[in-house]
Amino acid sequence: MEIAKEAPKVEFQYYPNQDYPGNPWCFRGVGTVVDGKYYSVLCDHLAPLGTAYLFEYDPETRKFRLLVSTAEFLRKAGQITADMNYSPGEVQTQIDLGSDGWLYYGTTRGSTRVTNDANGFRGEWVLRTHPKTGETQVVSAFPVAKHCILGGVLDPQRMVFYGGTAAGDFRDKTIKFFALDVKTGKVLKETDEGFNRYCIFSSSTGCVYWDGKKYDPETNQITSSEAPHVRSATPETADGMVYGTSHYEADLWGFNVKTEKLQAIGPGAVGTQGYVSAIHADPTGRYLYYVPGAHGGATKDGTPIVQYDLKRRKAKVLAFLHKYYQQKYGSNLDGCFCSVLDPAGDKLYISWDGWREGQPRGWESSALRVLHIPESERQP
């Protein structure tokens with residue numbers, strides 16, 4: 001493991017709307033950057049009546065703008081009816097920009113014990129929000145009946161949303177895959193043995209890979225592949241590579257979507273924590289960026305921000321954030337499911353789950369860090 005020679009500049013803000021107790025306040029889905037602005041979804045994880053807030057962050061003004069509260073929107077739209085004692089407390093899918101200029105994402109529950117008939121649970125929603133106007137629309141209500149959407153990605157050119165689900169009844173371990181035409185709202189494919197959180201998406205072919213499977217939109221069929229279990233994955237790079245991790249380990253792999261061959265890259269952990277749920281490749285295709293300790297525990301390693309050099313097969317810590325922010329601001333940065341690399345490769349947006357000193361131990365507050373990657377640490 002290496003340590004960066006030049007310290008990065010880091011900006012710090014707490015997210016708005018945390019004026020009531022979350023259970024906990026958290027991030028579960030991966031955001032996006034559009035036209036220089038960062039989009040992420042803050043979840044209160046409450047159940048059976050929770051909500052998720054889609055925020056825009058402008059790094060120029062350093063201000064947040066709330067685009068939508070999912071529960072409030074669904075009630076006003078008549079989607080949550082009088083016989084339903086349920087509103088989704090999370091978004092765990094990616095937030096992706098379609099070729100039509102809208103942001104697409106899917107909802108899910110705040111607790112595995114509330115998505116049942118007693119609460120009138122019928123399924124989840126795929127939504128879209130326009131980043132400029134803030135208008136939100138229902139793309140599909142209950143695309144898979146009585147299932148929660150635990151993972152999802154949009155094909156922005158073909159305008160197909162791919163989802164991985166879990167049954168509302170926690171005793172039912174069925175995981176489904178679905179392909180949804182977001183232009184018409186029609187489910188193109190639904191089948192068992194889907195992905196439970198993440199998948200490999202090839203932007204060049206439109207194919208989706210996970211757990212030894214491949215879905216081809218041209219044939220609408222699922223066949224076998226060399227794809228590993230996918231817990232995090234980068235977008236496809238210019239040379240047809242997707243990089244990622246599996247399960248709770250930071251062992252890095254690369255998947256070539258042209259040859260459909262899998263290769264081991266090497267260990268990516270820098271301490272005791274290995275769980276990575278968001279990983280990003282820079283524009284050159286040389287560097288990967290990620291934060292180990294997605295579901296907590298990052299503080300045990302000092303909350304490292306990692307850059308992995310694919311050319312030299314070396315991990316480098318750009319910064320250890322825990323001690324500084326704990327001592328100066330009383331802020332503990334403990335888990336990160338949501339991070340996004342700016343398309344220019346010079347900024348890493350990191351949405352944190354954590355707690356403030358003096359507050360009950362647990363994720364009672366969420367904060368944003370914008371880490372400016374020094375040019376000296378990202379030479380081609």
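A few remarks follow.
- Flag for residue 66 being in contact with a strand residue (DSSP E or B) (Cβ under 7 Å, 6 or more places away or on another chain), of a type in the set (A, V, I, L, M), under 18 Å from residue 119 (Cα atoms) and open to solvent by 40 Å² or more (accessible area, probe 1.4 Å): no
- Checklist (1) open to solvent by less than 10 Å² (accessible area, probe 1.4 Å); (2) more than 30 Å from residue 314 (Cα to Cα) applied to residue 40, failing item: (2)
- Any hit, region 274-282, residues being buried (at least 22 other Cβ atoms within 10 Å of the Cβ), charged (D, E, K, R) and outside any strand (DSSP E or B): yes
- When 151, 123, 101 are screened for being surrounded by 15 or more Cβ atoms within 10 Å (Cβ to Cβ), of a type in the set (Gly, Ala, Ser) and under 24 Å from residue 32 (Cβ atoms), only 151 passes.
- Test for residue 342: is it touching a strand residue (DSSP E or B) at 6+ places or on another chain (Cβ under 6 Å), under 30 Å from residue 17 (Cβ atoms) and surrounded by fewer than 22 Cβ atoms within 10 Å (Cβ to Cβ): yes
- Single residue of region 121-147 satisfying the filter (among the charged types (D, E, K, R) and assigned to a loop (DSSP other than H, G, I, E, B)) that is nearest to residue 84 (Cα to Cα): 122
- Qualifying residue in region 215-231 (condition: surrounded by fewer than 17 Cβ atoms within 10 Å (Cβ to Cβ), within 25 Å of residue 307 (Cβ to Cβ) and of a type in the set (A, V, I, L, M, F, W, C)): no
- Residue 57 fulfils the conditions (1) more than 27 Å from residue 118 (Cα to Cα); (2) surrounded by fewer than 17 Cβ atoms within 10 Å (Cβ to Cβ) except for a single criterion, (2).
- Subset of region 14-34 (residues that are closer than 24 Å to residue 232 by Cα and either open to solvent by 30 Å² or more (accessible area, probe 1.4 Å) or out of contact with any Ser or Thr (no Cβ under 6 Å at 6 or more places or on another chain) (or both)): 24, 26, 28, 30, 32, 33, 34
- Answer residue from region 154-194, given it is β-branched (Val, Ile, Thr) and within 22 Å of residue 120 (Cα to Cα) and is farthest from the chain's Cα centre (by Cα) among those: 174
- Test result for residue 360, under 18 Å from the mean Cα position of the chain (by Cα) and surrounded by fewer than 22 Cβ atoms within 10 Å (Cβ to Cβ): no
- Between 318, 288, 310, 348, the distinction of being aliphatic (A, V, I, L, M) and open to solvent by 20 Å² or more (accessible area, probe 1.4 Å) belongs to 310 only.
- Selection within region 63-120 - touching a Ser or Thr at 6+ places or on another chain (Cβ under 9 Å) and assigned to a helix (DSSP H, G or I): 70, 71, 72, 73, 74, 75
- Any hit, region 160-170, residues being modelled with pLDDT under 95 and open to solvent by 40 Å² or more (accessible area, probe 1.4 Å): yes
- From 191, 184, residue being over 23 Å from residue 236 (Cα atoms), out of contact with any Ser or Thr (no Cβ under 6 Å at 6 or more places or on another chain), β-branched (Val, Ile, Thr) and without any contact (Cβ under 8 Å) to a residue 24 or more places away in the chain: 184
The values are calculated or read from the model by the stated rules, or taken from the named source; none is laboratory data. Everything numeric in this text was worked out from a predicted model, so none of it was measured. Note: ideal-geometry Cβ built from the backbone for every residue, glycine included; neighbour counts use all protein chains shown. Accessible surface is based on the protein model in full, side chains and every heavy atom, while ligands, DNA and RNA are left aside. Shrake-Rupley method; radii C 1.70, N 1.55, O 1.52, S 1.80 Å.
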